[in-house]
Amino acid sequence: MTNEPENTGFVDPTLHWRDASVEVHKVVVGPFDNNVFVVRCRRTGIAVLIDAANEHEQLLALCRRLGVKRVLETHGHWDHIQAVPAMREAGYEVAVTAADAPRLKDVGYDVFIDDAEIIEVGDLRLLAIHNPGHTEGSISFQVVDTPLLFTGDTLFPGGPGNTKLEGGDFDTIISSIDNKLFTFPAETIVLPGHGLDTTIGAERPQLSQWVARGW
């Protein structure tokens, strides 16, 4: 969804959302159709990539074109980290939470992301939000002063992420969503690690149904 259309004659196929200060680019990669996002400051041209999931050649080309400086991992499940070695070899710093860092032992990482950390991307500020439940160290990113919320595999249209894998816990992910994500305004756009966008307003009324069904 593009917030601010421009009649330049060129339509960037990766451009997903835009306002006066920020661009979001999106590609879908790998056998599990992972969403990979680039968040770019329009004034400075500085950007970050969220989840180096797969298809590293495509991601490296995207990074070079859009001014990506570092990679932020929402969590350490294998389908979200397959392109990490190539990104690091190309000189991009990879950040992950300490709790999920052990899942990256075979691909490597560089720095930790802390809960409530503010990550500067040019003029933009990304708020890191620890959301355990899908994994112990799952984290979301909210772009301050925008409606954008990147939730990894914590929150999807129609419910929470899978909690049956190692490190998952249903009660914990429900608490993460209710107490940390559903506090954002209804118009907040949820950009998940797979599938389509949704909004906090569309998902919040369903919480009791998710609890009742147990997934």
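Structural remarks
- Members of segment 78-88 found to be assigned to a loop (DSSP other than H, G, I, E, B) and either within 23 Å of Leu127 (Cα to Cα) or of a type in the set (Gly, Ala, Ser) (or both), listed by number: Ile81, Ala83
- Conditions (1) crowded, with 19+ Cβ neighbours inside 10 Å; (2) outside any loop (DSSP other than H, G, I, E, B): number failed by Gly167: (2)
Here's the yes/no breakdown for (1) more than 15 Å from the chain's Cα centre (by Cα); (2) in a loop (DSSP other than H, G, I, E, B):
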{"position": "Val36", "(1), (2)": "no, no"}
{"position": "Arg43", "(1), (2)": "yes, yes"}
{"position": "Leu49", "(1), (2)": "no, no"}
{"position": "Ala53", "(1), (2)": "no, yes"}
{"position": "Leu62", "(1), (2)": "yes, no"}
{"position": "Arg65", "(1), (2)": "yes, no"}
{"position": "Lys69", "(1), (2)": "yes, no"}
{"position": "Gly76", "(1), (2)": "no, yes"}
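- Matching residues, segment 119-139, being within 14 Å of Val96 (Cβ to Cβ), surrounded by fewer than 24 Cβ atoms within 10 Å (Cβ to Cβ) and among the small types (Gly, Ala, Ser): Ala128
- Matching residues in segment 1-15 - criterion: being modelled with pLDDT of 95 or more and in contact with a Leu (Cβ under 8 Å, 6 or more places away or on another chain): Thr14
- On inspection, Asp123 qualifies as touching a strand residue (DSSP E or B) at 6+ places or on another chain (Cβ under 6 Å) and farther than 30 Å from Phe170 by Cβ.
The values are calculated or read from the model by the stated rules, or taken from the named source; none is laboratory data. What you are looking at is a predicted structure, and each value in this text was computed from that prediction instead of being measured. Cβ: placed from backbone, ideal geometry, glycine included. Neighbour counts: every protein chain shown.
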